[in-house]
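Visitor: Have a look at the structure that comes next, please.
Any read-out appearing in this document is the output of simple, stated calculations on the displayed coordinates, not a laboratory observation. Keep in mind the model is a prediction, meaning the values are calculated, not measured. A quick note on method: Cβ atoms are made from the backbone with ideal geometry, for glycine too, and the neighbour counts reach across all protein chains shown.
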Amino acid sequence: MPRILSIDYGLKRTGIAVTDEMQIIASGLTTIASDTLVVFLKEYFSKENVEKVIIGEPKQMDGTPSESAAIIEKFIKIFQKEFPEMKLDRVDERFTSKMAFQTMIDSGLKKNQRKNKALIDEIAATIMLQDYLQYKR
């Protein structure tokens, strides 16, 4: 069974998570510079069987698009041009960064380690993907 990949896209950094081959568990993969994302995905897709990509949809509390929505929409156009055959789903990403930070606290990471924004992005992508898997079931 192919994997599902999750992207927590940001202006500077992008957190990436992926499922196992049975699509049961989401795991953090990496965080990379956003300007290298397309190159990273081309390489990853050439090595791994991925059937779908999940991209976060940032929203305000009232459900309207947040300020970063335009940045993500621009990336989605590039993604669809580069990977026209890849299925794409959007998921609400409200609170994922806060949940990621709380996960770091709950895991016992020291204050210095919790300042690692790249780790927060990777955990946020993992939370989005795990929520997607639960919703899919």
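Visitor: Looking at 4, 76, 24, which is the one that is farther than 19 Å from residue 117 by Cα, surrounded by fewer than 18 Cβ atoms within 10 Å (Cβ to Cβ) and touching a strand residue (DSSP E or B) at 6+ places or on another chain (Cβ under 7 Å)? Walk me through it before giving the result.
Guide: On the way: 4 fails: surrounded by fewer than 18 Cβ atoms within 10 Å (Cβ to Cβ); 24 fails: touching a strand residue (DSSP E or B) at 6+ places or on another chain (Cβ under 7 Å).
Only one candidate passes the filter, namely 76.
Visitor: Looking at this structure, is residue 18 in a strand (DSSP E or B) and either among the basic types (Lys, Arg) or within 18 Å of residue 86 (Cβ to Cβ) (or both)?
Guide: Here the answer is yes, as residue 18 does meet what is asked.
Visitor: Let me ask another. Could you please tell me which pairs satisfy a Cβ distance under 6 Å, a separation of 6+ or placement on different chains, a first residue in the range 6-17 that is more than 12 Å from residue 76 (Cα to Cα), and a second residue that is among the β-branched types (Val, Ile, Thr) and surrounded by fewer than 21 Cβ atoms within 10 Å (Cβ to Cβ)?
Guide: 11/71; 14/32; 16/30
Visitor: Within the range 42-54, how many residues are touching a helix residue (DSSP H, G or I) at 6+ places or on another chain (Cβ under 8 Å) and within 25 Å of residue 135 (Cα to Cα)?
Guide: 3
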